[in-house]
Structure formats: structure tokens, C-alpha cells
Amino acid sequence: MNKPTPRDLSGIPSFDVDMYTDDQLRDPYAVYDMLREAGPVVYLTRHQCFGFPRYTQVREALEDHVTYISGKGVGLYEPGNQTRKGTPIASDPPYHTKIRSILNERLSLVAVRELQPDIQAKADALVDEVLALGSFDAVRDFSRRFPLIVMADLIGLPEDGRDQLLGWADAGFNLFGPDNDRVKRSIGRFPEVTAYIKSLEQPGRLRPGSLGAAIYAAADRGDITREQAGPLMIAYLMAGLDTTINGISATIMFLGQHPDQWEAVRANTKLIPQAFNEGIRLESPIQLLRRVTSRDVEVEGVTIPADSPVLLMYGSANRDERRWPEATRFIANRNPVGHLAFGMGIHNCAGQFVARLEANCIFDAMVRKVSRIEVGKPEWHLNNIIRGLEHLPATFHA
Ligand code: HEM
């Protein structure tokens with residue numbers, strides 16, 4: 001895509017910062033603070049794009065999909081954007097409306113509610129398992145296993161290939177970044193994903209009645225073409241794993257670091273959903289996505305020309321002190337309504353009811369079985385746009 005240099009950068013705070021170095025990904029918050037302080041619109045010369053670091057502008061952009069379009073790609077690297085052609089996250093209406101309605105049919109609050117008993121049973125079993133271990137890694141032995149079991153079953157995937165899913169998802173999310181080493185390492189994995197998805201088209205591979213089977217049933221009915229089914233499967237395989245894993249891990253980390261907050265949740269289980277929302281507000285699993293402007297647009301006195309890339313900083317917006325008092329504090333009963341961790345507007349997370357249900361089940365099981373959470377030093381996993389832990393030493397006390 002053509003990346004126009006703004007006609008006039010004067011008056012726009014410009015920074016030569018690389019948002020995707022190891023150090024930056026390990027701890028992005030000092031740079032976010034600096035960008036938010038600098039203004040509502042910044043220009044990132046290294047990435048040749050505008051950036052919105054504050055809450056209000058990110059939210060307004062998410063709610064104005066006509067001006068800030070996704071169809072020209074939501075990542076910074078064109079070959080990466082090509083891998084997501086036809087997926088909901090990289091589409092605009094009317095095509096987006098059509099494919100989103102196919103996903104919504106199976107992911108609505110009502111549709112998801114009936115999954116509760118099964119997901120709760122899986123959550124209880126996993127909590128029992130780690131309680132028996134004593135000390136364990138809350139990421140490797142716990143958070144990473146749970147959405148994998150839940151989502152793979154929901155999508156109806158066969159047993160073979162499941163062990164590759166997290167690696168593919170990690171590579172897929174790296175491909176939202178700029179042309180850096182992480183992208184170079186990841187792009188080679190994309191053919192594996194397409195071959196796997198092709199293999200799922202064979203009759204009998206997907207469990208009848210599953211989310212995956214529903215996509216191919218929509219193709220059989222003629223609601224979408226066979227070619228359009230593949231990108232929807234990509235959406236399921238990529239979007240539903242690391243995001244939920246990271247949200248659960250981060251919330252466990254906060255609850256372990258703040259025993260008083262865990263006590264508060266145990267005393268009032270109505271706080272479970274709020275604590276999870278607070279966890280993903282503070283450590284938003286998706287940190288950065290791009291939009292492209294469809295017209296000249298004026299934002300707080302700055303004119304952003306048509307066809308300009310704009311980086312939306314979800315992770316920064318969710319820590320904007322203008323919106324959140326004591327923004328960096330984990331407050332289990334804050335109830336951070338309006339946080340942007342699940343996005344907003346027409347691209348808001350299609351799977352959020354599943355993710356919320358998974359989190360509710362896991363923390364519900366923990367409330368009943370775990371009196372005290374002890375955590376050690378967290379270690380972060382580095383990915384171009386996904387923020388999450390690699391390791392979190394933990395002990396659950398019964
Ligand atoms: C804590 C867990 C999750 C988080 C934080 C999260 C975050 C997000 C965000 C921020 C977006 C918006 C992208 C944008 O603005 O362009 C999104 C979209 C999406 N998410 Fe999630 N997600 C989570 C779990 C899931 C799950 C479990 C699924 C699948 C069942 C899923 C499927 C999707 C899909 C298909 C989209 C694209 C929607 C569209 O463009 O219309 N997500 N997610």
C-alpha cells in the first residue's frame with residue numbers, strides 16, 4: 001500500500017521509536033506513557049504511520065469503520081496482510097457483515113450459554129490437577145492448556161494437528177507486525193496452516209455440529225463460497241487461543257500479586273467477571289492493530305490524509321489516565337466498562353462470550369478450590385502484537 005508522508009508533520013509529535021523490539025515488547029508501557037503524554041495523534045517515523053495512543057481516539061476510530069477501514073490490512077507488513085485476506089478482522093462491510101453473521105450464529109451469548117456445563121467441568125478438572133501438583137507453571141501447565149482443550153473441541157478439530165495450534169497462532173499474530181525478524185521467522189509457517197485447513201475440508205474430519213462444521217455447512221448451503229470458508233477457519237484457529245490464554249494468565253498474575261484482591265473475589269463471586277475485565281484492561285492481549293483512513297480526517301486539529309495507516313494502541317488506551325483513575329493499579333472491583341481489550345464497533349471480538357465464559361469457569365473453579373494464590377517472577381513471551389506471559393511460577397493452596 002502507498003504510505004503517504006503527511007503533507008505537513010509540523011505540530012504532530014513525531015517519534016523514531018520501534019514499537020516491536022524485544023525490549024519494547026517486554027515492557028511497552030514507558031513508551032506508551034510518553035506517546036500519550038505527547039498528544040492525541042503522534043507520527044511514528046520508523047513505521048511511517050500515525051498512532052493513536054489515547055483512549056478517546058482509539059475508541060472513536062474503532063467505532064468509525066467507514067473512515068478507519070480494515071480491508072486494506074490491519075497489520076504493518078503487506079505479505080502478512082495477504083495471509084489474512086477474507087478473514088473478518090481484515091474485511092469491511094458488506095462482506096464483513098455477511099461472514100460475521102455466520103460466526104455470530106454460533107458465538108452469541110445465547111448460543112454460548114449452553115456450553116457452560118462442559119467448560120465448567122473441564123475447568124474444575126484442570127484446577128484439581130494443578131492443585132495436586134503443588135507448584136507449577138501457571139502458563140505452561142494451566143492457562144495454555146485450558147483454551148486449547150475448550151476451543152479445539154468447540155471447533156471440532158481432529159486429534160492430529162492440535163499440538164501445532166499454539167505455534168501457528170503465535171506465528172499468525174507475529175505476522176501483524178512490521179518486516180522484522182519475528183515476521184521472517186513466522187511467515188514460513190503459513191503454508192502449514194493453509195494445508196491443515198485444507199485437510200479439514202475432508203468429510204468426517206470436523207466433529208458434526210461443531211463451530212468448524214457450521215462454517216462448511218454454510219458453504220454447502222451457498223451462504224458463502226468454499227474459498228470463503230478457509231479464512232473463517234483461520235479466524236477461529238488464530239483468534240481464540242493465545243488471546244484467552246494470555247488474559248487468564250495475566251489475571252492469575254494480578255490476583256497472586258494482590259492477595260487482598262483474591263480475597264475480595266472469593267468473598268463476592270460477582271467480582272469474577274470484573275476481575276477478568278480488569279486483568280485484560282491492564283495487560284491487553286491484543287496491543288496494536290492498524291487501520292487505514294478512507295478519507296482526509298481531522299483529529300484534534302491534525303489532518304490525517306486519506307489512505308494513511310494509523311496504529312491503534314489498545315494496550316496504551318486501556319491505561320490512559322484520562323479514562324481510568326489510578327490506571328496502572330489492578331482493582332478487582334473496578335468494573336472497567338468500555339475497556340478496549342475486546343475492541344469496539346463492528347470488529348469487536350466475535351469470540352468474547354466464549355472467552356468470558358472460559359474465564360468465568362476457570363475463576364469460579366479456583367474460588368471454590370483455591371484459598372491462596374502464590375506467584376513468582378513473571379516472564380513475558382515476545383510476539384509482535386500479542387502480549388502474554390511465557391512463564392509464571394505458581395502455587396495454588398487448597
Ligand atoms: C481474552 C480473549 C480475547 C481477546 C482479548 C480478544 C481480542 C480481540 C480484539 C481486540 C478484536 C478486535 C480486532 C479489531 O479491532 O480489529 C478481536 C476480534 C476477533 N476475535 Fe477476539 N479476543 C479474544 C478471544 C477470542 C475468542 C475465544 C475467539 C473465537 C472463539 C475470538 C475471535 C475473534 C474474531 C473472529 C475476531 C474478528 C472479529 C471481526 O473482525 O469482526 N476472539 N478479538
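Condition first: of a type in the set (Gly, Ala, Ser) and either within 20 Å of Arg54 (Cα to Cα) or touching a helix residue (DSSP H, G or I) at 6+ places or on another chain (Cβ under 7 Å) (or both). Now tell me which residues in region 303-354 satisfy that.
Start the filter on region 303-354 by keeping residues that are of a type in the set (Gly, Ala, Ser), which leaves 306, 308, 315-317, 327, 332, 338, 341, 343, 345, 350-351.
Matches in region 303-354: Ser308, Gly315, Ser316, Ala317, Ala327, Ala332, Gly338, Ala341, Gly343, Gly345, Ala350, Gly351.
Can we say Val58 is near the ligand (Cβ under 10 Å from one of its atoms) and at negative phi?
Details: near the ligand (Cβ under 10 Å from one of its atoms): yes; at negative phi: yes.
Here the answer is yes, as Val58 does meet what is asked.
Please specify each residue of region 217-246 satisfying the condition of being in contact with a Lys or Arg (Cβ under 8 Å, 6 or more places away or on another chain) and free of Cβ contacts under 8 Å to residues at least 40 places away in the same chain.
If the condition is that a residue be in contact with a Lys or Arg (Cβ under 8 Å, 6 or more places away or on another chain) and free of Cβ contacts under 8 Å to residues at least 40 places away in the same chain, then Ala219 is the only one that fits.
Could you list, in sequence order, the residues of region 74-107 that are part of a loop (DSSP other than H, G, I, E, B), under 19 Å from Gly230 (Cβ atoms) and away from the ligand (no atom under 11 Å from the Cβ)?
Passing the criteria: Thr83, Lys85, Gly86.
Take region 175-207 and flag every residue that is open to solvent by 80 Å² or more (accessible area, probe 1.4 Å), in contact (Cβ under 8 Å) with a residue 12 or more places away in the chain and of a type in the set (S, T, N, Q).
Result: no residue meets the conditions.
Just the residues that are more than 9 Å from the ligand (Cβ to nearest atom) and open to solvent by 40 Å² or more (accessible area, probe 1.4 Å), please, taken from region 225-255.
Across region 225-255, the qualifying residues are Thr225, Arg226, Glu227, Gln228.
Where in region 256-314 are the strands (runs of 3 or more DSSP E), entirely inside, with at least 3 residues that are open to solvent by less than 10 Å² (accessible area, probe 1.4 Å) and of a type outside the set (Lys, Arg)?
Fully inside region 256-314 and qualifying: 288-293, 309-313.
Tally up the residues in region 340-350 that are open to solvent by less than 20 Å² (accessible area, probe 1.4 Å) and either near the ligand (Cβ under 6 Å from one of its atoms) or in a helix (DSSP H, G or I) (or both), please. So that I can check it myself, show each step before the final result.
The first filter runs over region 340-350 and keeps only residues open to solvent by less than 20 Å² (accessible area, probe 1.4 Å), leaving 340-341, 343.
Next, only the ones that are either near the ligand (Cβ under 6 Å from one of its atoms) or in a helix (DSSP H, G or I) (or both) stay: 341, 343.
Residues that pass the stated criteria total 2.
Working only within region 74-112, note down all residues that are open to solvent by 40 Å² or more (accessible area, probe 1.4 Å) and under 17 Å from the mean Cα position of the chain (by Cα).
The answer is Ile89, and nothing else.
With the requirement that a residue be within 14 Å of the ligand (Cβ to nearest atom), farther than 23 Å from Asn246 by Cβ and in contact with a Phe, Trp or Tyr (Cβ under 6 Å, 6 or more places away or on another chain), what does region 278-321 give you?
Val310
The values are calculated or read from the model by the stated rules, or taken from the named source; none is laboratory data. Bear in mind that the values here come from a model prediction, so they are computed numbers and not experimental data. Cβ sites come from the backbone with ideal geometry, for glycine too, and all protein chains shown count toward neighbours. All accessible areas refer to the heavy atoms of the entire protein, side chains included, with ligands and DNA or RNA removed. Shrake-Rupley method; radii C 1.70, N 1.55, O 1.52, S 1.80 Å.
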